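**Student:** Structure incoming, see below.
The values are calculated or read from the model by the stated rules, or taken from the named source; none is laboratory data. Since this is a predicted model, take the numbers as computed values, not measurements. Here the Cβ is made from the backbone with ideal geometry for all residues, glycine too, and neighbour counts use every protein chain on show. Heavy atoms of the whole protein, side chains included, go into the accessibility calculation; ligands, DNA and RNA do not. Shrake-Rupley method; radii C 1.70, N 1.55, O 1.52, S 1.80 Å.
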Amino acid sequence: MKKFLYIFLTFFATSSAFANQPVDWQLGFQKAASETMRDIVNFHDKLLLPIIIAISVFVLFLMVYACIRFRASANPVPSKRTHNVAVEVLWTLIPCLILIVMAVPSFKILYKQDAIPKADITVKAIGYQWYWGYEYPDENIFFDSYMIETKDLKENEPRLLAVDNELVVPVNKVVKVMITANDVLHAWALPSFGVKRDAVPGRINETWFKAEKVGTYYGQCSELCGIKHAFMPIEVRVVTEEEYQEWLSDAKVKFAKEVNEEDQFKKLASK
Ligand SMILES: [Cu+2]
């Protein structure tokens, strides 16, 4: 028993250490790192799971009861009854009520997630076959984000999840994500933030998240998009405000989308 408890505890200890990415033998969701995801996890754990378990136990009980009580030896002359109005009304009404009980909090979360608060930072994620491109429209930054091949992985970099250039955002700030695609349907999904939106060519979808903890979070393209669908992961590094500003000043040089107009003008003038 002690050994079992130990294994049980280590399982939870390790899963919290690597909580922002999938782990071997994982059950349930990745650990929440935003309010939205916390709502979703609570909804699942505290409302849906008890309902599911209660229904499963009830149906199992009915089956076992019917098997024993109405077995051929105990019940040689079976009833010929085909209708029972009361039972039929009940087994229609009760499931309806259960669905309503689930629908109300579900819609609440959906609408809360749908309303984008005033954004501190806006980023644009563009799906390509088969990698992501990220743009910071207000900062003149644009870069591509490719998965790192298994043979090139460094220590601690998770296989099929680590990328060369990750999205960097500050902690505790509302990040608005505009999502689109260049070729086919993709989907930008990050389980820890409770975020998943389709990337549709010619259309911009919007979502948002506010990461509450510094760390690295992994997601994957979640819309079948072709042969390398499984190899276009999403990596988001959540950093402190100071680290973000530092990254920003480097990125503005490294990933400059277009030459600053003023510089260009000066260049032309000097010719
Ligand atoms: Cu894709």
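**Student:** Extent of the stretch 91-206 along each principal axis, from alpha carbon coordinates, in Å, largest to smallest?
**Tutor:** In descending order, the Cα extents are 58, 35, 31 Å.
**Student:** While we're here: Give, in nm to one decimal, the length gained when the segment between Val64 and Ala256 is fully stretched (0.36 nm per residue of separation minus the Cα-Cα distance).
**Tutor:** Result: 62.3 nm gained on full extension.
**Student:** Oh, and also: For Lys257, which aspartates and glutamates qualify as cross-link partners when the Cα separation must be under 17 Å and same-chain residues fewer than eight apart are set aside?
**Tutor:** The qualifying aspartates and glutamates are Glu135, Asp138, Glu139, Asp144, Glu166.
**Student:** Sort largest first and round to whole Å: the equivalent ellipsoid semi-axes of the stretch 124-181, each the square root of five times a Cα gyration tensor eigenvalue.
**Tutor:** Values for the stretch 124-181, descending: 23, 15, 9 Å.
**Student:** If I take R0 = 30 Å and measure r between the Cβ atoms of Ala72 and Gln26 in this structure, what FRET efficiency does the formula 1/(1 + (r/R0)^6) give, to the nearest 0.05?
**Tutor:** 0.10
**Student:** Go ahead and estimate [θ] at 222 nm for the chain from helices alone: -39,500 (n - 2.57) per DSSP H run with n ≥ 4, summed, over the residue count, rounded to 500.
**Tutor:** Helix contribution divided over all residues of the chain: -12000 deg cm²/dmol.
**Student:** Beyond 19 Å between alpha-carbons counts as too far, so tell me which of Lys151/Lys252; Lys176/Lys210; Lys108/Lys196; Lys176/Lys213; Lys31/Lys196; Lys124/Lys210 fall in that bin.
**Tutor:** In this structure, Lys151/Lys252 exceed 19 Å between Cα atoms.
**Student:** Also: Which whole-number value in Å² is the accessible area per residue of the chain, probe 1.4 Å?
**Tutor:** 66 Å²
**Student:** When only Cα pairs under 8 Å and 6 or more residues apart are kept, what is the percent relative contact order across the stretch 130-271? Walk me through the numbers before you get to the answer.
**Tutor:** On the way: 277 pairs, mean separation 38.0, N = 142.
Over the stretch 130-271, the number comes to 27 percent.
**Student:** Mind grabbing the base-10 log of I(q)/I(0) for the stretch 7-163 at q = 0.09, 0.15, 0.20 Å⁻¹? Debye formula, identical points on the C-alpha positions, no solvent, two decimal places.
**Tutor:** At q = 0.09, 0.15, 0.20 Å⁻¹ the computed log10 ratios are -0.62, -1.13, -1.36.
**Student:** Right, here's the next one. Please report how far the C-alpha centroid of the stretch 233-248 lies from that of the stretch 189-218, rounded to the nearest whole angstrom.
**Tutor:** 15 Å
**Student:** Further, regarding this structure: Which residues does a label at Asp138 reach in the stretch 171-186, if reach means a backbone N under 14 Å from a point 7 Å past the Cα toward the Cβ?
**Tutor:** Residues 171, 173-178 fall inside that zone.
**Student:** Along Cα→Cβ, 7 Å out, is where each label goes; now give me the distance between the ones at Asp152 and Ala103 in nm to one decimal.
**Tutor:** 5.0 nm
**Student:** Hey, another quick one. What ranking do 77-87, 231-241 get when scored by the average of other Cβ atoms within 10 Å per residue, highest first?
**Tutor:** Sorting 77-87, 231-241 by mean packing, highest first, produces 231-241, 77-87.
**Student:** Before anything else, pin down the relative contact order of the chain: Cα pairs under 8 Å, at least 6 apart, normalised by residue count, whole percent.
**Tutor:** Reported relative contact order: 19 percent.
**Student:** Ignoring solvent entirely, what values of log10 I(q)/I(0) come out of the Debye formula for the chain at 0.15 Å⁻¹ when each Cα is a single scatterer?
**Tutor:** Relative scattering, expressed as log10 I(q)/I(0), comes to -1.17.
**Student:** Among Ala115, Ala189, Ala199, which one moves the most in a GNM of the chain with springs linking Cα atoms closer than 10 Å?
**Tutor:** Between Ala115, Ala189, Ala199, it is Ala115 that shows the largest mean-square fluctuation.
**Student:** Do you know the relative contact order of the stretch 94-177, to the nearest whole percent, from alpha carbon pairs under 8 angstrom that are 6+ apart?
**Tutor:** 28 percent
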